[in-house]
Structure formats: structure tokens, C-alpha cells
Amino acid sequence: MSAEPLLDDSSSVSLTNIELIDLFKRSHSSLRSQPSHRYPNETLIYHGYIGCAPLYPTAAISLRTLAAYRQIHRSCPRFSIQAQVKSLCFLHDTPYRPYLNAQFSAAYDVYLEILHRVKQRHRAALDQDTLNWRMLNSCPACFYKLEDEPALEFDWLVSIDGNNSLKRWNSTIYGSKPRIDSRKARSDYWIDTCDVDRFKDEVKTRERDTNDDNWEDETIAAEGTTPAFSCVNRWRNAGPETRKKMFSVFDESGIFIAACRHRFVVLACDMIQSGELAKYPLAIIDKLLAVYGKNGGCAYDIGCAFSKTLTNSSLGMRAGELDFRLMVGAFHGHAHNRKCQLDWHPMYILEPDTPRAKGANISSHHQTSLLVVRDTQVHSTGVRLSKNISHSGTLTSTRPSVSEYY
């Protein structure tokens, strides 16, 4: 038997009694090739199918079945190929066999490759294949500049954070040999692990109280003394690097992403066998500064503490030259103490007519906060209702929402 179909005989690529699998239909058919077809899969895709083998397929899966699975898997990543194959077996009244998974997987890989090649040609035709094109055009509201557009407080504003929901088991957990995945992500959303590890030694190990789970209230300073300004001791991702460990059963413990204020994901990187280490936000910020440049803002739930890490890192000088500003997010910021919020919460940083300098106008904000606390009324249900107090201490109309500034 030859290694490939004969190319000079069109009948050699005709498919006889091949199994065609669709969402709600399964049949055996014979397909004739066109004169220009040289391989069986050319004939199959001409009829709307992809073969489960490259040269001599005995089964083929319809394009719309593969397209349906792609969209289902995008909306529910837990929906595996095995689940899809079992569903097709139930629909077709066919006993499930494990080898069907391999057949579906082979056809699905080819389908994804076709989509990738088509997308590449589409981008090239539209001149969208230049370096960092997606990052510079992903959000029109953020990055599309109009002529004579008024200057904003920040030229670009993003939010970064990690999440440990997307875990992946280590392949050696059951005593099997490690399975090395040498594939690289084709998307420019992902920052490569090697680029992330460039910042792994940026943070020096520091000692800390072994009682990391002490969530008791802070001690109140004696009258006439100034209490210690501390708001990050209770944030686990602001703890020492040595304590941000992850269970050894996981190879990937989560992802760390950056998104603009309109919820468009800009960048992402995998958190490998660890918690939320400083190297992940540093790698994200390095890419953001390289692409977006000066006058940027970045919200992080421990932005107040991480600012010291950034300043002492290799990115500190460049971040300062580009006027990069860290802050805490509008949501997590309210969990920080009041003095921290006055310096780091976007409600005060982005307030109109307030200078950009850190801590500017802090005395008036502090006085206003004291007035609000003093005039706070307790509702009968226990919910606190705060009056709107101006800087002069008088009642004002409803204050603009935080979303107007962030």
C-alpha cells in the first residue's frame, strides 16, 4: 500500500461507504471527488465534513458538529470531547467506545487549524497582523483617539488581578510519567512563562509573623497617639513570597489577567505551581508599559503595597518616567482603611480638579471623612446611611457615583 493516494487517478480518492456523522444524523455514504481533488479530505470538506484520518479516513464529522462543539466548549470549558462524543452516541443510538474520542479529537484539531489559517489570512488582508495590533485596538472606547479629543486623567486605565479557579492537575499526580506539552499559545493574549520568570527574583524574601491567618481587629492606639498606618497585613496576596505556595497536585494554579475598564481582556498569564506571586503583575505591567506607553493607570486590590515592589523592581525607573500610576480598585478599595483610600482609591485620585500628585488635598478629604462619620445615622435595620457632606461641611446633592471616575 502506498504512503498516500494516487494523484493521477481521480477515482482513487473517491470515498466509498464512509461513515458520516452529523449532530442528529449518522449514515454511510459514497462521495465522488472533483477533478481538482488530490486527497480524500479535500472531497470530504467539499461536502461539509472533516475526516478522522489524514489519508484513508473511514469516518468523518460534519463541520457544523465541530462548530457547535467549539461554541459550547467556549461557553462551558468543562464540556469535554468525551462528553460531546457520548452525547452523539446517545443521539445516534450507538454504543460508546473510547476510540471515538480519538477520532473526534483528530477532526477537531484539523478544524481549529483551518480556522486559524483563515483568520491569519483575514487579518493580513485587513492589515491587522502588525505587532501588538490587537492590544492597540481591542477596546475602541479606550484606545481610539478622536481629533481634538479632550485630554483625560489617564491615557489608558486597566485593572489587574489573579484568580485560582482555573487549575490544571499535574500529570505526575497518579504516578505516571510527566507529559510535557511543548505547544505554544498562538494568541498574543498570553505572556510566555519565560517572560514571566524574568521577574521571579525581583522580590526579596522577608520574614513575617507566622500567624498569617490572624484576622482579629487591629489594636486601637492610645489617646493622643497616631495609630500605625497599615492596611495590607490582612491581604493574603500582599504577604511574603515564601507563603504563596500552591498544592503540589496542581501544575497550573490559576491565571493572572489585565482588563480595561470596559471589560476587554488585554493580557493574561498562567500562575504556575504558586499563588499570586509578584512576578505575574510585574510581567503584565512590563508589557503594558511597552505597548501603551506613558500616562497610564492600573488598579490592583493591593496596589498600595505593590507600589513599593514596583518601585524597587527593574521596572521602577521606567514606570516613573512614563508617569505610571498604581491604585486600588473601586470595589476592593473600600476594604482598605480610610487613610489608605484617600491616597489610593480612584474615587479620590480621579476626582475633578484634584492634582495628580499622591496624597494631594488629603487634609480636606480627611476632614470630609470625619464629618461623614460624625454625622452618620444608624437605620433601624442596622444599615448605616451617610449624608452627603461637602468639603466645607455642608450638605450637598448626591455625589457622582464611583463608576463616573473608574
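For the reader, a short list of remarks on this structure follows.
- Label-to-label distance, residue 64 versus residue 115, with points set 7 angstrom from Cα along the beta-carbon direction: 1.7 nm.
- Unit charges on C-beta of K, R, D, E only; dipole of segment 56-154, Debye: 640
- Residue 310 - accessible surface, heavy atoms, 1.4 Å probe, Å² rounded to 10: 10
- Per-residue SASA entry for residue 307, accessible area with 1.4 Å probe, Å² rounded to 10: 20
- Per residue, in Å², the accessible surface of segment 12-111 once ligands and nucleic acids are set aside, probe 1.4 Å: 57
- In range of the label at residue 173: residues from segment 60-99 whose backbone nitrogen is under 16 Å from the point 7 Å along Cα→Cβ: 78
- Nearest-0.05 FRET efficiency for residue 337 and residue 26, computed from C-beta distance (R0 56 Å): 0.30
- Bridge type composition, segment 11-131 - antiparallel percent by DSSP, nearest 5: 75
- A simple rule links phi to the HN-Hα coupling: the Karplus curve 6.51 cos²θ - 1.76 cosθ + 1.60 with θ = phi - 60°, which for segment 19-31 gives 7, 10, 10, 10, 4, 10, 8, 9, 8, 10, 9, 10, 10 Hz, with x for Gly and Pro.
- Segment residue 73-residue 129, extension gain: residue separation times 0.36 nm, minus the distance between their alpha carbons: 17.5 nm
- Computed FRET value (nearest 0.05) for residue 89 with residue 290, which takes r as the C-beta separation and R₀ as 41 Å: 0.25
- Taking the 1.4 Å solvent-accessible surface of segment 83-150 as the whole, the part contributed by carbon and sulfur is 57%.
- Rounded to the nearest whole Hz, the Karplus-based 3J(HN,Hα) values (6.51 cos²θ - 1.76 cosθ + 1.60, θ = phi - 60°) of segment 96-104 follow the sequence 6, 10, x, 5, 5, 4, 5, 5, 5, with x at glycine and proline.
- By a 1.4 Å probe calculation restricted to protein chains, residue 168 has an accessible surface near 110 Å², given to the nearest 10.
- Accessible surface ranking that places the most exposed of 190, 169, 344 first, with a 1.4 angstrom probe: 169, 190, 344
The values are calculated or read from the model by the stated rules, or taken from the named source; none is laboratory data. Computed from a prediction, not measured in an experiment: that's the story for all the values here. Note: ideal-geometry Cβ built from the backbone for every residue, glycine included; neighbour counts use all protein chains shown. Protein only, heavy atoms only, side chains kept; ligands, DNA and RNA dropped before computing areas. Shrake-Rupley method; radii C 1.70, N 1.55, O 1.52, S 1.80 Å.
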